[in-house]
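Working notes, structure below.
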Amino acid sequence: MKVTTPSKAPKSPWDYDFFIYNGVVDKTAPDFLAFKEHFSLSWGSIFSLLEHIEKFLRDYAIPEVKIKGNSLVALLPEFELKNKLTRYDLLSVLENPVHIQMMLNLPGQRYKGRDGKTEAAMKIQATWKCYKARRFFLVYRRQKWASGVIAVAWLLHCHKTRLRKLLKESRERHLENFRVRAKHLAANWNRIRTSRRTIIHIPSLGYSQPVRQNIDDFNTRQNMQLGRLCDILDANVSVIYICSHRMNDELLLYYNKILSLQAAVKSGKLEYRSDLQDRFKIITPEAINIFTIIEQVSQLVIDHLEIQRWLFKMDYEFGGNGTAFCDIPSHLKCYKWVLKESHRYSREDWSKKWAQEPALVKISEELAGVLAQHAQPVNEKRFPTWRKFLQTFLSQGGVIEAYPPSESVTNLTVDMLIEPNGEIRMLSTGDQFHAEGPFISSGTTMPQTSLDPQVLSSLCLQIGNACKMKNVIGYFSTNLVTFIDPRTMEQQDRQGTIFILYEHLKRDKLGMLTIGEDLQGVLMTFARNLFIIHQEISAPNMQGETNFKTAIDDIEAILGVTEENKLRFEENLESKDDKKPL
C-alpha cells in the first residue's frame, strides 16, 4: 500500500528527491522519473546503490523514507570504491535521519523486516554458542591458572627440598670436620699443653639470640672473660684476646702492670716484676661495628631493589653536615643477578629469608668496598673520606634512608610551635632551594607550593602530637621530602625585601627575606638582590667569597620549572574551557 503525504514546502526543481515506501522504489512516480532522467548517464551505479538501500530498508521494516537525490549521487564514488553501504552512509542520503536512526535503534527492529524470524533464530543460536564458548574459556582459563600455580608451587617445593638437602649435607660436613679435629685435639692434647702455643680467645656468651637481645650491656658482660689473660701464667702460653670494644691506653697499662706482678707475688719481692706485654695482645677489629651496618644496608637494598640512592644521616648533626649518600645498586656487580633472582619468586616469597639468603651473601661481600669507594659525605671539609664519616656515624648513631626514586625532588621546611597549654600551631612553611648541593638548604621560598596545604597540615599535626607525647614544648622545625606538584599561589598584600643581620664581628653570614605577589616575582627579586650584593663584595677594593652564584643558578632552574608548570596549568585551563558546552 502506498501512502502519499502532502509536501510541506515548495520543492526546488534541482533537488530531485523521491520517496521509498516499505523498501521499494515506485518507479512510476514523477519525482523518481525526473531523477532517473537527469542522472541517466550514471544510472548503472545509481541502480546498484538503490538496490542496497532498498534491501536495508526492507530488512529493518522502514515504512517510508525520503531520498535526497543530490546526496545519493555524491555518495556514488565512495560506494563504487567500497561496494558496501554503512548505516552512516544510508542516513547521509535521507531527509530526516534522526527519525530513522531512532527507528533503527529500537530493540528487535531488525527482526520485524524481511527474514526476521530467520535472523532472530540465527542471533539466538550465535548468542548461545558464544555463551557456551565463554563458559568453556573461563573454565579453561581457571584450570590453566591453577596448573600454573601448581607448577610454581612444585618448583618452589623442589627448590626448598634441594636447598634443605644441601644445607643438611653442609652441616654434616662441618660436624664431621669438627669431630675429626676434636679427636685430633684430644689425642695430642698432652703434647700440645706442654708445648709452646698461642691461645686466641674470642669472648662469647653461649646464649640464644632472643636471650642476647634482652641483655643490657651485652658486650661488657662478654668482656668479663678478660680473666683468660691469666693463661700466660704458663710460660709456654701467649694469649691473643679479641675485645668487642676498644680499650684505651689506661686500661691496657693497668692489665700490663697487673700481669707483670706474677713473679713478684711468687717471690714476695716487688723488684722481681717482669714485663709480659709481649706475651699477650688485646685486639679490637676495626670493622667490628661495620659488620652490623653492612648487614643492615644489604637487607635494605634487597627489600627495596627499586631504590638507587641511599642516605646516611647522623643523629647529632644538622644542615647536611652529618649526611652522606651512595648510589649503591649502580656499583654492585651482582645487582642484575639479584634483580633476576627476585623475579623468580612472588613478592611474598621474596620477603622470606630463605629466598633472600644467596642475594644477601653476594651483596654483603661487595658492599663494604662499594661504600669505601663511592659513598660521598656532603661536607667534605669535615669528613674528607668515607672512613672518617663512618667512624663518627658509628659513634653518634644515625639512620639509613632511601632517597626518593625520582629526578625531581624538593624539600619542605615547616616551623611549628607547641605552646605550654599543649596547643600545636604551624607558623610558616617554605620550599627549600639549594646553592651548595641537594642536601644543604640555602633558603626557602614562602609559602610552600609542593604539597596540598590540608595534607601538609595533617602530617605536621601528627608530628606535633608525637613531640607533645614526648613533653616537647616550644619552637621547632621539621623538614619533609616532597615530589614537585605545582599549585597556584595566592597573592600577597605587600612586597619588598628585608635583610637579616646576625652579628657585627665576623659579618660572614647574611639573611634575606623577599616578599612579592607571586613565586616568580619573588624569586627574580631574590636573585637580582644576590647578584647586586655579589658584585659589591667581588669589587676590586673589596674581595670576598660567596655562594651567591650557585644560589642564583639554582633559582634560575626553579624559575624555569615554574614557568613550565604555569604554561602547563594554563593549557589545562584552556582545554577544560574548550570542553565546556556552549
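The values are calculated or read from the model by the stated rules, or taken from the named source; none is laboratory data. Nothing here was measured: the structure is a model prediction, and the numbers come from that model. Methodologically, a virtual Cβ is constructed for each residue, glycine included, from the backbone with ideal geometry; neighbour enumeration extends over all protein chains shown. SASA here: full protein model, heavy atoms, side chains in, ligands and nucleic acids out. Shrake-Rupley method; radii C 1.70, N 1.55, O 1.52, S 1.80 Å.
Before we move on, is PHE499 more than 26 Å from ILE532 (Cβ to Cβ), assigned to a strand (DSSP E or B) and either modelled with pLDDT under 70 or open to solvent by less than 70 Å² (accessible area, probe 1.4 Å) (or both)? Spelling it out, it is not the case that PHE499 is more than 26 Å from ILE532 (Cβ to Cβ), assigned to a strand (DSSP E or B) and either modelled with pLDDT under 70 or open to solvent by less than 70 Å² (accessible area, probe 1.4 Å) (or both). Filtered by the rule that a residue be surrounded by 15 or more Cβ atoms within 10 Å (Cβ to Cβ), assigned to a helix (DSSP H, G or I) and of a type in the set (Val, Ile, Thr), the range 83-122 gives a lone residue, ILE100. Reported count of residues in the range 449-488, each being assigned to a loop (DSSP other than H, G, I, E, B), modelled with pLDDT of 80 or more and either open to solvent by less than 60 Å² (accessible area, probe 1.4 Å) or among the acidic types (Asp, Glu) (or both), is 1.
Among residues of the range 192-244 being among the hydrophobic types (A, V, I, L, M, F, W, C) and in a strand (DSSP E or B), the one that is most open to solvent (accessible area, probe 1.4 Å) is ILE200.
Determine, yes or no, whether LYS333 is in a loop (DSSP other than H, G, I, E, B), of a type in the set (D, E, K, R) and more than 21 Å from the chain's Cα centre (by Cα).
Details: in a loop (DSSP other than H, G, I, E, B): yes; of a type in the set (D, E, K, R): yes; more than 21 Å from the chain's Cα centre (by Cα): yes.
Taking the combined requirement at face value, the residue satisfies it.
Within 59 Å of the chain's Cα centre (by Cα) and among the small types (Gly, Ala, Ser): is that true of GLY268 in this structure? When the stated conditions are applied, GLY268 does not pass them. Of all the residues in the range 19-43, those that are closer than 23 Å to ASP59 by Cβ, buried (at least 17 other Cβ atoms within 10 Å of the Cβ) and in contact (Cβ under 8 Å) with a residue 24 or more places away in the chain number 5.
Scanning the range 292-330 for residues that are in a helix (DSSP H, G or I), touching a residue at least 12 places away in the same chain (Cβ under 8 Å), closer than 20 Å to LEU394 by Cα and open to solvent by 10 Å² or more (accessible area, probe 1.4 Å) yields a total of 6.
This table checks each residue for (1) in contact with a Lys or Arg (Cβ under 6 Å, 6 or more places away or on another chain); (2) closer than 29 Å to ILE240 by Cβ; (3) touching a residue at least 24 places away in the same chain (Cβ under 8 Å).
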residue: LYS165; (1), (2), (3): no, no, no
residue: GLU172; (1), (2), (3): no, no, no
residue: PHE178; (1), (2), (3): no, yes, no
residue: ALA182; (1), (2), (3): no, yes, no
residue: ASN188; (1), (2), (3): no, yes, no
residue: ARG191; (1), (2), (3): no, yes, no
residue: THR198; (1), (2), (3): no, yes, yes
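Report whether or not GLU271 is at pLDDT below 80, under 30 Å from SER395 (Cα atoms) and exposed (fewer than 14 other Cβ atoms within 10 Å of the Cβ).
Numbers: at pLDDT below 80: yes; under 30 Å from SER395 (Cα atoms): no; exposed (fewer than 14 other Cβ atoms within 10 Å of the Cβ): yes.
Spelling it out, it is not the case that GLU271 is at pLDDT below 80, under 30 Å from SER395 (Cα atoms) and exposed (fewer than 14 other Cβ atoms within 10 Å of the Cβ).
Taking (1) more than 26 Å from HIS38 (Cα to Cα); (2) at pLDDT below 85; (3) of a type outside the set (Val, Ile, Thr) in turn, PRO63 satisfies each apart from (2).
Give the residues of the range 134-165 that are within 27 Å of TRP354 (Cβ to Cβ) and open to solvent by 100 Å² or more (accessible area, probe 1.4 Å), sorted by residue number. Break it down into steps so the answer makes sense when it comes.
Quick first cut of the range 134-165, residues within 27 Å of TRP354 (Cβ to Cβ) only: 145-165.
Within the range 134-165, TRP145, ILE150, TRP154, LEU155, ARG162, ARG164, LYS165 qualify.
Return yes or no: is LYS68 closer than 20 Å to ALA29 by Cβ, out of contact with any Ser or Thr (no Cβ under 6 Å at 6 or more places or on another chain), touching a residue at least 24 places away in the same chain (Cβ under 8 Å) and surrounded by fewer than 16 Cβ atoms within 10 Å (Cβ to Cβ)? Judged against the criteria, LYS68 is not a match. The helices (runs of 4 or more DSSP H) found entirely in the range 343-430 that carry 3 or more residues being open to solvent by less than 40 Å² (accessible area, probe 1.4 Å) and closer than 19 Å to ILE294 by Cα are 353-374, 386-396.
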